[in-house]
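The structure appears below as structure tokens.
The values are calculated or read from the model by the stated rules, or taken from the named source; none is laboratory data. From a predicted model like this one, the values you see are computed outputs, not experimental measurements. Cβ atoms come from the backbone with ideal geometry, glycine included; neighbour counts cover every protein chain shown. Surface accessibility is based on the protein's heavy atoms, side chains included, excluding ligands, DNA and RNA. Shrake-Rupley method; radii C 1.70, N 1.55, O 1.52, S 1.80 Å.
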Amino acid sequence: MKFHVLTLFPEMIENGLRTSITGRALEKGLLSLDTVNIRDFAGNKHGKVDDYPYGGGAGMVMQAEPVYAAHQYVTARAGRPLRTVYLTPQGRTFHQEMAEEFAKEEELVLLCGHYEGIDERVLEEIVTDFVSIGDYVLTGGELPAMVMIDTISRLVEGVLNNETSAEFESFHDSLLEYPQYSRPEVWRGKAVPPVLLSGHHGNVEKWRREQSIRRTAKWRPDLLEKADLTDKEKELLKKEKESLKGEEKWDSIGEKNLKNWLRM
Ligand code: 4GS
């Protein structure tokens, strides 16, 4: 899959993505990353691409023409119109199913704004999808673009070591992941759940599935509505719900640790 990123900070995108799993996938040619510096399309020798907002107000606005020219350059090379995402708090909130949809595209353009945003007129001309990564204000669309590319990339065949591992993870079946443990067997007096050392694959799978359901009920009960549980699992859940009520939540675990750190 090919990602084209239109940005004033291409090095931010390059540094973020040519690392770790996405970095290896890019080297292998499973993914391709084309960062396009909007400043190269400034149309003036100073490379100026922003100006004051009409009507006044704080900050600067990215001008329409350099963004349009950069986008034209990318689509002309592709030889066809490309799905173009603009990262903005005004967009639809990004989620896993959206990533699955985008992963079907062969090429995707991501447009990153900086400063106070981009002249509305060019957005109306080129953007097919307005996407937000959450309700908070960032300095630019680069981090959101990287979040999207990272999420979409791991759905591309071959990017994860194990081709099947993406489908077993969080959100695929609307359940949270089960807890993970590694060596040593006992750490600070805390033992690894014995079933994981039993070598009984069936029991391990059963325990993990139960943990996923328990944890989802405890931390993200909203997700359970979408999960498809067997009748047996729904029974289990009913029983668990009572005992979950008395269980410690992250807030109180966090509070306890915070008091320790502060030596309270
Ligand atoms: C987001 C966000 C964002 C908004 C970009 C202020 C610079 C900034 N983009 N999801 N201008 N949250 N963008 O905060 O996508």
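Inclusion of Leu143 among residues that are assigned to a loop (DSSP other than H, G, I, E, B), under 26 Å from the mean Cα position of the chain (by Cα) and of a type in the set (A, V, I, L, M) is not warranted. When you look at Leu82, is it in a loop (DSSP other than H, G, I, E, B) and open to solvent by less than 70 Å² (accessible area, probe 1.4 Å), yes or no? Spelling it out, Leu82 is indeed in a loop (DSSP other than H, G, I, E, B) and open to solvent by less than 70 Å² (accessible area, probe 1.4 Å). Among the residues of the range 67-99, just one is in contact with a His (Cβ under 9 Å, 6 or more places away or on another chain) and either farther than 16 Å from Asp34 by Cβ or near the ligand (Cβ under 10 Å from one of its atoms) (or both), namely Gln96. Note down all Cβ pairs under 8 Å where the first residue falls in the range 124-148 and is more than 8 Å from the ligand (Cβ to nearest atom) and open to solvent by less than 60 Å² (accessible area, probe 1.4 Å), the second is in a helix (DSSP H, G or I) and of a type in the set (Ser, Thr, Tyr), and they're at least six residues apart or on different chains. That search, which allows pairs on different chains as well, returns Ile126/Tyr68. Going by the structure shown, is Glu105 assigned to a loop (DSSP other than H, G, I, E, B) and within 16 Å of the ligand (Cβ to nearest atom)? No, not satisfied. Being touching a residue at least 24 places away in the same chain (Cβ under 8 Å), part of a helix (DSSP H, G or I) and either of a type in the set (Ser, Thr, Tyr) or exposed (fewer than 10 other Cβ atoms within 10 Å of the Cβ) (or both) is the filter here, so list the residues in the range 206-258 that pass it. Matches in the range 206-258: Ser212, Thr216, Trp250.
Kindly evaluate Ser174 against the criterion of being hydroxyl-bearing (Ser, Thr, Tyr), open to solvent by less than 30 Å² (accessible area, probe 1.4 Å) and at pLDDT below 95.
yes
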